[in-house]
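Q: Before I ask anything, here is the structure I am working with.
Values in this text are rule-based calculations from the coordinates and carry no lab data. Just so you know, these numbers come straight off a predicted model, no measurement behind them. Cβ placement follows ideal geometry from the backbone for every residue including glycine, while neighbour counts extend to all protein chains displayed.
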């Protein structure tokens, strides 16, 4: 359940990276949490390129730039951050993330937790 409080991390931060050319999707990364949560703090450390991310409850899925094919992605502008709500994660249930970037070697940091 989403909470109307300052964001509180409830699991370890994962760096999701794309190696290589722009518009390449990353491998699937696994996210876990120490306690149940369904919000995620996303941080794009790249000062030049936007990143598009999707968090899913199943490990098999693709992401695509929304200007090529409509897709389930959240846009994160350069050097931007955002808290989103997604599938619940806990110590027994993983969620999975993939990203695609406008620039080369794009990456973001994802932290599971609760709050704004």
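Q: Any chance you could run the full-extension gain for residue 104 through residue 13? It's 0.36 nm times the residue separation minus the Cα-Cα distance, nm to one decimal. Mind dumping the intermediate values first?
A: Working: separation 91, 0.36 × 91 = 32.76 nm, distance 2.18 nm.
Here the answer is 30.6 nm.
Q: Calculate the radius of gyration of the Cα atoms of the chain to one decimal place, then report Dmax, the largest Cα-Cα distance, as a whole number, both in Å.
A: Taking only Cα atoms of the chain, I get Rg and Dmax of 13.3, 38 Å.
Q: Here is a further query. How would the range 1-42 be classified by its alpha-carbon gyration tensor: rounded, prolate or oblate, with rounded meaning a/c under 1.5 and the a/b versus b/c comparison settling the rest?
A: Taking the square roots of the gyration eigenvalues as a ≥ b ≥ c, the range 1-42 is prolate.
Q: Taking the simple approach of a point 7 Å from Cα along Cα-to-Cβ for both residue 85 and residue 69, what is their distance in nm?
A: Computed distance between label sites residue 85 and residue 69 equals 2.9 nm.
Q: Starting from the Cα gyration tensor of the range 57-116, multiply each eigenvalue by 5, take the square root, and state the resulting semi-axes largest first in whole Å.
A: Details: eigenvalues 92, 49, 24 Å².
In descending order, the three semi-axes are 21, 16, 11 Å.
Q: May I pose another question? In the Gaussian network model of the chain, springs joining C-alpha atoms below 10 Å, which of 30, 13, 60 carries the largest mean-square fluctuation?
A: Greatest mean-square fluctuation among the candidates belongs to 60.
Q: Could you check which residue among 75, 50, 21 shows the biggest mean-square fluctuation in a GNM of the chain with a 10 Å Cα cutoff?
A: Looking only at 75, 50, 21, the biggest GNM fluctuation is shown by 21.
Q: Using a Gaussian network model of the chain with C-alpha springs under 10 Å, which one of 55, 84, 31 is most mobile by mean-square fluctuation?
A: Checking each option, the largest mean-square fluctuation is seen for 84.
Q: Under 8 Å for C-alpha pairs, at least 6 residues apart: give me the relative contact order for the chain, rounded to a whole percent.
A: On the way: 342 pairs, mean separation 55.7, N = 116.
After rounding, I find 48 percent.
Q: Same structure again: What whole-number distance in Å separates the alpha-carbon centres of the range 93-116 and the range 1-42?
A: 4 Å
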